[in-house]
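First the structure, in the form of structure tokens, and then the observations on it.
The values are calculated or read from the model by the stated rules, or taken from the named source; none is laboratory data. Note that the structure is predicted; figures quoted are calculated from it, not measured. Note: ideal-geometry Cβ built from the backbone for every residue, glycine included; neighbour counts use all protein chains shown. Ligands, DNA and RNA are stripped out before the accessible areas are found, and what is left, the full protein with its side chains, is counted by its heavy atoms. Shrake-Rupley method; radii C 1.70, N 1.55, O 1.52, S 1.80 Å.
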Amino acid sequence: MLELPISVQVSLWVSAAYAGALPVDEALRRACPDTDLVNGRTERFHTWADLGQHVVLVALPRPGIPGLLPRGSAVLAAATEAGQCVFVPGLGDVLVPTVSTSPSGSSAVTHIRWAAYAGDPLPGRHLDHLDPDVIEAHLADEIGSVLARSWPVDIDLPGMLTPRTRDMIVLAAQVGSPLLLAQATCLAALQLAGIRDATLE
């Protein structure tokens, strides 16, 4: 089964909540089903909304490839070690998840702990460089490796997404490219926030 990183799900669902589609707590439950959000720092998602933030973006950094990420040495180190994070570009605030499991009877419980970091606010011009045509072109270059494989796709994504952004997210996950998946998710989150609708039909 194809699964998305938890930060991708949180970016999409919380951005949908900020747009008024559902409450923030419900968005977190949809993003993290059957998960215990412990030591959560989940109050940060409410605080960001109270501070007038409209979108939560995602980064899936790898060593030497930070992608779109608020600057700061502590931010870069923690996010790269985890391989993922969410952030609000206007503040530079970053939350990095640590995912663990513990036994519970005959099954296991997944726990997510969020650690908070402060980076530099991300200038809006960096978001303007996210181009759906460029992302789709890179995905087309990678698609050959996907055609020989298939995964069942059963991903719970916000219904407000356009087919184009949903397809980009699913294909980027199938291709296995963290950079393209993060870029596609950021575009989708910006669409949910009403910032990039015109370019994502």
Exercise for the section: Among the numbered conditions (1) among the aliphatic types (A, V, I, L, M); (2) open to solvent by 60 Å² or more (accessible area, probe 1.4 Å); (3) at pLDDT below 85, tell me where I143 comes up short. Expected result: (2)
Completion exercise
If we take the range 1-90, then helices (runs of 4 or more DSSP H) inside it with 2 or more residues that are over 24 Å from R125 (Cα atoms), open to solvent by less than 10 Å² (accessible area, probe 1.4 Å) and of a type outside the set (F, W, Y) are 24-31
Handout entry: Close pairs (7 angstrom Cβ cut-off, 6 or more residues apart or separate chains): among the acidic types (D, E) in the range 165-180, surrounded by 20 or more Cβ atoms within 10 Å (Cβ to Cβ) anywhere
Key = none
Practice task
Consider only pairs whose beta carbons are under 9 Å apart and that are at least six residues apart or on different chains; among these, list those whose first residue lies in the range 122-134 and is farther than 19 Å from I169 by Cβ and whose second residue is among the charged types (D, E, K, R) and open to solvent by 40 Å² or more (accessible area, probe 1.4 Å).
Solution key: L122/R71
Practice task
Select, from E26, E43, the only residue that is at pLDDT 90 or above and more than 13 Å from the chain's Cα centre (by Cα).
Solution key: E26
Exercise for the section: Kindly indicate whether V99 is out of contact with any His (no Cβ under 6 Å at 6 or more places or on another chain), of a type in the set (A, V, I, L, M, F, W, C) and surrounded by 21 or more Cβ atoms within 10 Å (Cβ to Cβ). Expected result: no
Handout entry: Output for the range 146-182, where each listed residue is at pLDDT 85 or above, open to solvent by less than 40 Å² (accessible area, probe 1.4 Å) and hydrophobic (A, V, I, L, M, F, W, C)
Key = L157, L161, M168, I169, V170, A172, A173, L180, L181, A182
